[in-house]
Structures are given as C-alpha cells and as structure tokens.
Protein chains: 2
Amino acid sequence: MWSPDRNSGTTLYMQIAEHLAQKIRCGEFPPGSGLPSERKLAGQLGVNRSTVVLAFSELRSIGLIESRSGSGTRVSLADSEETPKHTPNWSQYADDSSMVRNPPFLRKISEALQQNPELIDMASGQLSGDLAPTQEIAEIMSQNRPMSYLGYDNPQGYPPLREALVRYLNRHRGIDTTESSLLITSGSQQSLYLIIRCLLSPGDAVAIEDPSYCFSLPMFQTAGLRVFRLPLDQHGVQPEDIRQLYKKHRIKMVFLNPNYQNPTGTLLSEERRRKVLDIASELALPIIEDDPYSLTAYDGEPPAPLKALDTTGSVIYIGSFSKIAASGLRIGWMAAPRAIVERLADARQQMDFGLSVIPQQVVATFLDSPQFVPHLERLRRELQFKRDMVTAALRREFQGRAEFLEPRGGIHLWCKIGADYNENRLLEQSIRNGFVFGPGSVYGSEPGCLRLTFGRANAGDIDRGIAALREAAEKLDLF
Amino acid sequence: MWSPDRNSGTTLYMQIAEHLAQKIRCGEFPPGSGLPSERKLAGQLGVNRSTVVLAFSELRSIGLIESRSGSGTRVSLADSEETPKHTPNWSQYADDSSMVRNPPFLRKISEALQQNPELIDMASGQLSGDLAPTQEIAEIMSQNRPMSYLGYDNPQGYPPLREALVRYLNRHRGIDTTESSLLITSGSQQSLYLIIRCLLSPGDAVAIEDPSYCFSLPMFQTAGLRVFRLPLDQHGVQPEDIRQLYKKHRIKMVFLNPNYQNPTGTLLSEERRRKVLDIASELALPIIEDDPYSLTAYDGEPPAPLKALDTTGSVIYIGSFSKIAASGLRIGWMAAPRAIVERLADARQQMDFGLSVIPQQVVATFLDSPQFVPHLERLRRELQFKRDMVTAALRREFQGRAEFLEPRGGIHLWCKIGADYNENRLLEQSIRNGFVFGPGSVYGSEPGCLRLTFGRANAGDIDRGIAALREAAEKLDLF
Ligand SMILES: Cc1ncc(COP(=O)(O)O)c(C=O)c1O
Ligand SMILES: Cc1ncc(COP(=O)(O)O)c(C=O)c1O
C-alpha cells in the first residue's frame, strides 16, 4: 500500500492530498462517494490524524471533496458536463522549482516559535523589541505631513533617503559616495540576491566565509554557482586563501562579512583588511562587503570598512538598518559603481517595482534626527550587557565545556559544545525545554557548533535559556 | 580608431569609461600622464561632451583618474607597490547578466519624465496624486499606536493584513479564501515574479495576452520561458486559443488580466470566462488571474473574477492596491493553493525577507476603515470623468483618425493612429511637445498602436496632452 515519503521535500499532508486527488481523478473514489474517516486514513498511512485533517482541508479548498457534519467526507459531485474536471497538479509545480529551499532546521525553528511564543529565542537574527527605536519611529510617523505623491518610487530608491545615507555613510563609516551610486534595497538580503542573480551566471565560482550567513546559502545554490569556502579563525578569513581560490577556480567574487560576522562574531583584523584589498586589486576581483553589524561595536569605534580603504573600486558595500534599528523596516542599501547600480535597479523593477516610500521616508527622517546617535549609544550598551550575560551564563552552566570567542560587537556568539552531537536531537530537546538556538550546520559549519543570538532574547531570559540548553545537552549525554 | 557601439546594450559613457580604463591598465596612459580634454575626446569619438564628462566621472569615482581645476585630468599615480592595481571590470559583470533589461523605450520615457517633470504624463501606469487616498493614509499613520514589535514579518505577510484581505476579497470580489492561502507581495509585480521564477523552469511554455503588460515581458524572457500569444479582441482572449496552444506547445500556465486589461482596457466577457475555466479544468492547466483594475469599474459593478467562478482550483488570483489606492504602498497579494503559497513564501525569504510591516499595517487599517468605500466611489467617478475627457479630446483632435475602444474601467485606453509609423520618432516629437505616451511595441503589439493612460495625468492637462500628440503626429505626416 502507498504511504507518504518522509524524506521527500513535499510535506506529508500535501503528499496525501495529492495521492487522494489522483485516486479521485482516476475514478477510484467516484463523485459522491464517501472517503475513509480521518482517523482511519491516519492509521492506514501511519501519520497523525492532524496531517490527514490538513490534507482534507487542502482538497476541500480546491473543491474536490466536501464534508458535512454527521455524514463525513465525500467526493464532490461533478457538474453535469461530459468532460472530466482536473485540478492542476499544484504540488508538482511547487516541487519542480529550481529555487533551493531554506534548510529544514530554519523552518522547524520558525514553526516552533509560532507554536510557542514563550520560547526563549536565541535563534532569530534580530533585535529584541526593546532595542528597536519603536517610540522614535512612532513619533516620526505621527509628525509626518502627508506625502505629496505616493507613486512608484525612483528605481534606485527614495531620493531623500539616498541623500541622508550619503551623509550617514560619510559620518559613521568613513565612506564617500554619491546618491547616484546608492541603491536602496529590501535589507541586505535583497542586495545579496540582486548581486548573486544579476551579476553572476550559473557555473561561476565564488568564495564565501566558512561558516556563513544561513539565508545566503540557498541563494548561491539556486543561482547555480560553485561555492568555495574561506575558513575563519579569530581574526577572520586568511587573505591568501582568496588568492589560492582564484588560482584554482577563477573565483569571480568574494563575499565577506568582516564586522562581528554572522554567525561567528569575529572581526577581520585591520592588517588582513589591507591584504584582502591588495589581493583583490591585484586580481581585479570584486569584494562584496556585507556590513550590517559594524555600528553595534560595543566600544563605539567600529573599524573602517573595506569600502573606505578601497582605492581601486574593488568593493561593493552592503548595509542595512535591520540590526541597528529594526528588521521590520526592510531598509538596506548598497554603494557600488554606477554601472552596477543602474543595472540592478533595472532588474529590481522587474522583481518588485521597488520599496514602499513610507518606511524609506521614516528612516530618512530618523537618520537626520537628534535621536539617532543616542539610540545607537543605548543599543551598544544594551548589547554589550546582553553579551556579558550570555558569556557569564555559559561559563556558569557549562563550566568550561563550552568554547567560545567573546564578540566585541554584533548580536551573535558562536559556541562549540562537545565535539560531535546529533543537532536535531539537541534542538528538539531544547525546544521541549523552552529554548531555541541556531544549529551550526545551518551555517554550513562542521558539527559541534551552535549560534547563540543574544540580540533577540530578552535580557531577563538569557540565564534561563542557557540553563535550558545545558539541561538539554545533559539529557543527551553530551558531557 | 575605436569608437563606441551605439547598438550595444551598454551605455555610451560606460563603453568609453571601460575603453579608457583598459588603455590606462595596459599602460597606454601611464600613471600621472594627462588625458585628452573632454572636448577633444568627444570630437574624436563622435559623442557629446556630456557623455565624456560622465565617463570621466565614472573613472574618477573608482580612483583611476584625477582632475584638478586648471591642470586637466590625469591618470592617478599608482601606489609605490610593485603589483599593478586593477579595478574589477564592473561593466562586464553588469553585461554578463542573464536578466533581460527593460525595453529601452521605458527607460527613455522615465528619463524624459525625470528631466522634465512638467511633461504631461500619459505613459506611467499609475494614479495621479489627487486620486490616491493620501490624506486618509496620513491620518492613519498619525493615529497609529507604535508597533509593539517591528521585527521580520511573517513569511506570508502581516497576519492582520491577511485577515483584512480575507474580508475584502469576500466582500468586494466574491472570493472565499483563508489567511493561510494568502501571500502578501510587493505589488502584483512580485506575485508575477515569484510565479514565473519559482513555479516554472527554463524551456516551459506559457500563454500570455497579446498585447500585454510591459513590465512582465522581460521577466518571461529572463526565466527562459517559451512565450505564446493569445490575441485579444474587444471581449478579451478567445478561450479556444488556449486549447490550441496546449495541444501544440504543452503550455504549462496561462496569464490573464481579464478586467480592463493593461494595455487595451478590454474586459473578458462572462461567457468566455466560463469557457476559459472549462478548458483549464479539462487540461488541468493553471490560470494566473492578474486583477489590479477590477474595482475601478466605473459602474461600480466589476464582473466576478475567474477565481470566484473556479470550482476546480485552477486559478491563482493576484491583486494589488497600486491602482485603487497608491502604487507607492507596494502592497499586492496572491490567493493560491496552500502548497504554492508556502513554496513561494519560502523562496521570497531568500529574495528580500518580506515586506516592511509599516505599509502593511497602514493598508490593513485603511481596508477596514469607513473611508475605504467612499474612496473607491470617488476614484471611479474621477476615472470615468478622465476617460470621458480623453475620448472627447481624441475625437476632437483626431477627427476619426484615431481608433479606440471606450474602456468601462481601469486607467488605460488603447488607440490606433495610422497604420504604421516610426514609434521612436513619434515619441521624441511628442516629448518635445511636452507629452509622453506608451508606444505600442513596448506591450509586444503590432505597430500603429499606443497606450494612453489617463489615470496618471491631471484632468486639466488631458486636452493639451492629446493636442500635443496630434501635433506630433501631424509633424511626422502620419495623416
Ligand atoms: C551577514 C548578514 N547579511 C544579511 C542579512 C540580512 O539582513 P537584512 O536583509 O534584514 O538586512 C543578515 C541577517 O541576519 C546577516 O546577518
Ligand atoms: C496587469 C498588471 N499587472 C501588474 C502590474 C504591477 O503593478 P503593482 O506591482 O504595482 O501591483 C501592473 C502595473 O501596471 C499591471 O498593469
């Protein structure tokens, strides 16, 4: 007898729905006939009853079956026409996609968080509500005069925001740029997507950090790129590795996150920054500098970005307000040669026609407001405080059995507990204990590591969270 | 001697910049040497001086050359190192892209509008500022309490907006759906992009209307699809054509814009709607119903959408607030089988991580507010008034030499003037006369037609605009 395939990319309920739909279409269950009860079917197929409930509801939503209370579920009566009716094989359409899916762990985590909002969240890469300038944003919104014209945005982004960003980049990052070299994007995510999809072609080789930002990995795969790794030590990537990859594989681009890297929290040393730029200009190799975290430097003095040191024009700089204000603003940008900005702006028109002007206006006002710098100062203090809480809790709970580097900025801490463990089991046990973290494999790393994001959790929950993690590790006999 | 290629996809100034950069790198202009003056170079290359100015500024922005007032432009001195420095060949990266560019006419129009904001704009597919609910939106923004949490959005979109949309679709479009079958997108544009990129594969065949929405055409090409056409008459597409295309080419999807179609303004007749659905269900063929205009029906009674008549689940329905509220909100949505919505939500995370919550909250509030229906009523009245102005002006100015169908909703009028004419010359002459329109070829149509969008132009300018068009046509001896 048929049973669903638990290793398939398609959810169980969709497999069951599709299976039943086929039986209905081929006449095994003719119009008007009754279907087995949810309970019975669940038993036959070896799945939870709730899975069958979902499958039935999918079939109901496309009109293939009908349920009446009391009389169970039956196949809908076909209209009186001769030609049989078919629903498109939607799950086939969904499965045929060349878009690589996000790692199952990420889905598992987000489902766990949706089911239980009380979970202590050290998995999500964002700020907690109290760290975001919610009040400042609400004030700006309430004071703003109506926009005179709320039409499609300029393809490169709202001009007053680009003007404010030119000032911001000059003042806070030492980067000299112009409005026409800036493209406003839906966070760094969209900047990365545009670069990967529009400037590279299938088969091209690129270099990325190892480990690296989880939501960029499927993008590289979908684009058909050959991805090579630059291992990180405590001072970031080794510049000579870039040259080696170029020699061997003719890499066409290097993606770096030099400041308080996601997931490791490391900072690329000043010396290596200069070396990376030398090698890039020697090889005419573009560097993509993804820099969402630099302004969280706890001592208030982030190192100069590659872009500010770049004299040959090798660097595309990507920034974002997600980690220094609020990820729900969806405002990021890139500073790039004009030819690139124009190209990507044109491509972006076809994807989404640009961003809403409303959050862009809010951010432009916030950037130039007297509230901006005090907000940053508070953010840094609070993040440092949370960092101290996590490291103290790790020392207390794990007694030296957790190795980690103390980050000096950012929101992530990378931690090694036990050499090798079953990530899935540790995650599941943690979730049962009320805690979620980022399993190392999601970032493409070797086993045994995990990412603890202290930006998102409330300070008051951190101790309990780390204790829950330790309990989970003990339960699995990790030590 | 080298000269730029006017038929290349790369702009003249970028070609010149790249050419000079090569000469500099290969040592023809060594570090510190002077470059020819802008005027001289312009003469040699046969281009405007302003083109050379742009090329120089590109080279300056990447540090390759330096200009000092008085002493002209010279090649930057290399640092004292041995290895020569190279800028990545950025324009090569921009050109290698597999993303098809938007038609040059669209760029020409948007440049003309940027250069001269006084142009009477019957080219842009959007509403004029006075038709958008700017005041209502400003009021909602000023009354809103701060968001408690401004984090990354739910992957399918802000839940309260999806709840409001379920009510909206039921009330205004007769569509029964659920929050979990809805995906909020950055306008219909992103819905189309997601469907085209994530549910279809290169080589797949699809059917689209002829003519059709200009910003969707390059998307189909970029995705490597084989595109087949469904010619329109005054009642929309011929359903039997769909079957023929399926037989011949195994089309995998049909894209329709049944209500007040862009660009023709036609309405798919009720009879044909049912026929289209019969054929779709017979062939298990998905229909993508792109419906941004239906609520502009001047008589307030838009026909039922395909989605509302669809009993087999063949239709993905796409909607937007761009044409009934403001395109700068960037709020659209699709109603689709859950398997599709989940698939596309996952893919969208990788592209841009979802929309800003702020405009979603604004739209959710507006939808449920007592201002929404009065706004729609006013919009319809004003659009009908503008439609009447355009048709009257066309009759007066063109005296029967302009053929058109009177649209009963929407913002576009499709018009045939003269059998065959040089679109580029007509557009340029019109721009000189202070008027822009949409040249027919942009919509993939046969020559001789143009799109006049009366939604965007101010009512007071329509007469003058159509007169300017007539003068341009006369100047070119079109009649
Ligand atoms: C290194 C890095 N790049 C990009 C992003 C995407 O962030 P956003 O699109 O919100 O700016 C993140 C988010 O975690 C990140 O850590
Ligand atoms: C038929 C059609 N589809 C989609 C769009 C895209 O509009 P938006 O993304 O603003 O909803 C338009 C805009 O003109 C259109 O006419």
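The values are calculated or read from the model by the stated rules, or taken from the named source; none is laboratory data. Quantities reported herein were computed from a predicted structural model and do not represent experimental measurements. So basically every Cβ, Gly included, is an ideal-geometry build from the backbone, and we count neighbours across all protein chains shown. For the accessible areas, the whole protein counts, side chains as well, though only heavy atoms, and no ligand, DNA or RNA atoms are used. Shrake-Rupley method; radii C 1.70, N 1.55, O 1.52, S 1.80 Å.
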Could you please state, rounded to a whole Å, how far the C-alpha centre of the stretch B:230-309 is from the C-alpha centre of the stretch A:288-327? 49 Å
Probe 1.4 Å, protein heavy atoms only: B and A together bury a total accessible area in Å², to the nearest 100, of 8900 Å²
Suppose R0 equals 25 Å. What FRET efficiency, 1/(1 + (r/R0)^6) with r the Cβ-Cβ distance, do residue B:68 and residue A:238 give to the nearest 0.05? 0.05
Taking the label point 7 Å from Cα along the Cα-Cβ vector, the copy-to-copy distances for residue B:428, listed from shortest in nm with one decimal, are 7.0
How shielded is B:374-385 by partner chains, expressed as the average number of their Cβ atoms within 10 Å of its Cβ atoms? 0
In peptide B:100-108, what is the residue-averaged number of other protein chain Cβ atoms found within 10 Å of each Cβ? 2
Excluding residues on the same chain fewer than 8 positions from residue A:307, give the lysines whose Cα lies under 16 Å from its Cα. A:275, B:85
Residue among B:437, B:462, B:335 farthest towards the positive dipole end of chain B, charges placed on Cβ: B:437
Extension length gain for residue B:180 and residue B:425 (0.36 nm per residue less Cα distance), in nm, is 83.2 nm
Carbon-plus-sulfur fraction of the accessible area of the protein assembly as shown, 1.4 Å probe, in percent? 47 percent
Give the separation of the Cα centroids, the stretch A:416-468 to the stretch A:100-166, in Å. 24 Å
List the chymotrypsin sites (Phe, Trp or Tyr not before Pro) within the stretch A:132-202 that DSSP assigns to loop and that have no more than 16 neighbouring Cβ atoms inside 10 Å. A:149
Per residue, accessible area of the protein assembly as shown with a 1.4 Å probe, heavy atoms of protein chains only, in Å², comes to 38 Å²
For the stretch A:12-96, what relative contact order do you get, as a whole percent, if you take Cα pairs closer than 8 Å and at least 6 residues apart? 33 percent
How many nm separate the modelled label positions at residue A:6 and residue B:171, each set 7 Å beyond the Cα in the direction of the Cβ? 4.7 nm
How high is the relative contact order of chain A, in percent, counting Cα pairs under 8 Å that sit 6 or more residues apart? 18 percent
For every helix of n ≥ 4 consecutive DSSP H residues, a contribution of -39,500 (n - 2.57) applies; sum these over the protein assembly as shown, divide by its total residues, and give [θ] at 222 nm rounded to the nearest 500 deg cm²/dmol. -13500 deg cm²/dmol
What do the square roots of 5 times the Cα gyration tensor eigenvalues come to for the stretch A:12-96, in whole Å, largest first, as semi-axes of the equivalent ellipsoid? 20, 17, 10
Please give me, ordered by residue number, the chymotrypsin sites (Phe, Trp or Tyr not before Pro) of the stretch B:343-382 that lie in loop per DSSP and have at most 10 other Cβ atoms within 10 Å. none
What's the angle, to the nearest 10 degrees (0 to 90), between helix A:357-368's Cα axis and the longest principal axis of chain A? 30 degrees
Name the residues of the stretch A:282-314, by number, that are at least 10 Å² less accessible with every protein chain in place than in the isolated chain; the surface is that of heavy atoms, probe 1.4 Å, without ligands or nucleic acids. A:282, A:284, A:286, A:311, A:312, A:313, A:314
I want to make sure I understand the PRE zone here: with the label point 7 angstrom from the Cα of residue A:77 toward its beta carbon, which residues in the stretch A:18-38 have backbone N atoms less than 14 Å away? A:31-34
Extension gain residue A:53-residue A:201, at 0.36 nm per residue separation less the Cα-Cα distance, in nm? 48.9 nm
If r is the Cβ-Cβ distance from residue A:271 to residue A:405 and R0 is 30 Å, what FRET efficiency results, to the nearest 0.05? 0.95
Give me the lysines in straight-line cross-link reach of residue B:386: C-alpha distance below 25 Å, same-chain residues under 8 apart excluded. B:323, B:416
For the stretch B:193-214 the residues that are at least 50 Å² less accessible with all protein chains than alone, 1.4 Å probe, are B:193, B:197
What is the helix-to-structure angle for A:338-352, meaning the angle in degrees between its Cα long axis and the longest Cα principal axis of chain A, kept from 0 to 90 and rounded to the nearest 10? 20 degrees
